[in-house]
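Only one structure is covered here, and it is reproduced in the block below.
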Amino acid sequence: EIHERLVGSEMCIRDSFITIGKNFYANYNLTILDTAEVKIGDNVFIGPNVNIYAATHPLDVERRNKNLEKGVPVTIGNNVWIGGNTTILPGITIGDNTTIGAGSVVTKNIPSNVVAAGNPCKVIKEL
């Protein structure tokens, strides 16, 4: 069902802990590492080459070398546009009616009704 809503022929979905709302559009090369739940709201449009990571690894070297992995949920609200080449890190929430500019690295939560962009992604303008 998810694949029917995607434009690109190349996509990575890892564990299928994904919920997608109505009127979803994703361009080519969407990667979702869904070790934890990834919720995508209604009317979400995703540009090409976007990465959504719910998977992370320990910072402690000994624990990481044991191949431990942790899942941290990602939530994308309704009416969100995510520009191409954006990376969304584990634990992030993007609010409703928000636009994320192309090339952004989203390292902190982004509120509703804003335009945000950059590396790290920051609010540029309130809508």
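The values are calculated or read from the model by the stated rules, or taken from the named source; none is laboratory data. Note that this is a predicted model, so its numbers are computed, not measured. So basically every Cβ, Gly included, is an ideal-geometry build from the backbone, and we count neighbours across all protein chains shown. Ligands, DNA and RNA are excluded from the accessible area calculation, which covers all protein heavy atoms including side chains. Shrake-Rupley method; radii C 1.70, N 1.55, O 1.52, S 1.80 Å.
Quick notes on this one:
- Trypsin sites (Lys or Arg not before Pro) within region 42-107: DSSP coil, no more than 12 neighbouring Cβ in 10 Å: Lys66
- The string of couplings for region 22-36 from the Karplus curve (6.51, -1.76, 1.60, θ = phi - 60°) is 6, 6, 8, 9, 10, 7, 5, 6, 7, 10, 10, 9, 9, 5, 10 Hz, one whole number per residue in order, with x for Gly and Pro.
- In straight-distance terms, cross-link reach from Lys39 covers every one of the lysines whose alpha-carbon lies under 16 Å from its own, apart from those fewer than eight places away in the same chain; here that gives Lys22.
- Excluding ligands, DNA and RNA, the accessible surface per residue across the chain is 55 Å² with a 1.4 Å probe.
- Amide H contacts under 5 Å for Ile18, placed H, 5+ residues apart: Val38
- Per residue of the chain, the DSSP helices (runs of n ≥ 4 H) give a summed -39500 (n - 2.57) that works out to -500 deg cm²/dmol at 222 nm.
- The value of relative contact order for the chain, using C-alpha pairs under 8 Å at least six residues apart, is 17 percent.
- Here the accessible area of the chain is 49 percent carbon and sulfur, with a 1.4 angstrom probe and all protein chains present.
- Distance between the pseudo-spin-label points of Thr19 and Glu69 (7 Å out from Cα toward the beta carbon): 2.2 nm.
- Beta bridges per DSSP, both residues in the chain: antiparallel share near 20 percent.
- Taking a ≥ b ≥ c as the square roots of the eigenvalues of the Cα gyration tensor, the chain is classed as oblate, since a/c reaches at least 1.5 and a/b does not exceed b/c.
- Amide H partners (placed H, <5 Å) of Ile46, local residues excluded: Tyr25, Ala26, Asn27, Ile82
- The slack between Asp60 and Asn43, meaning 0.36 nm per residue of separation minus the straight C-alpha distance, is 2.2 nm.
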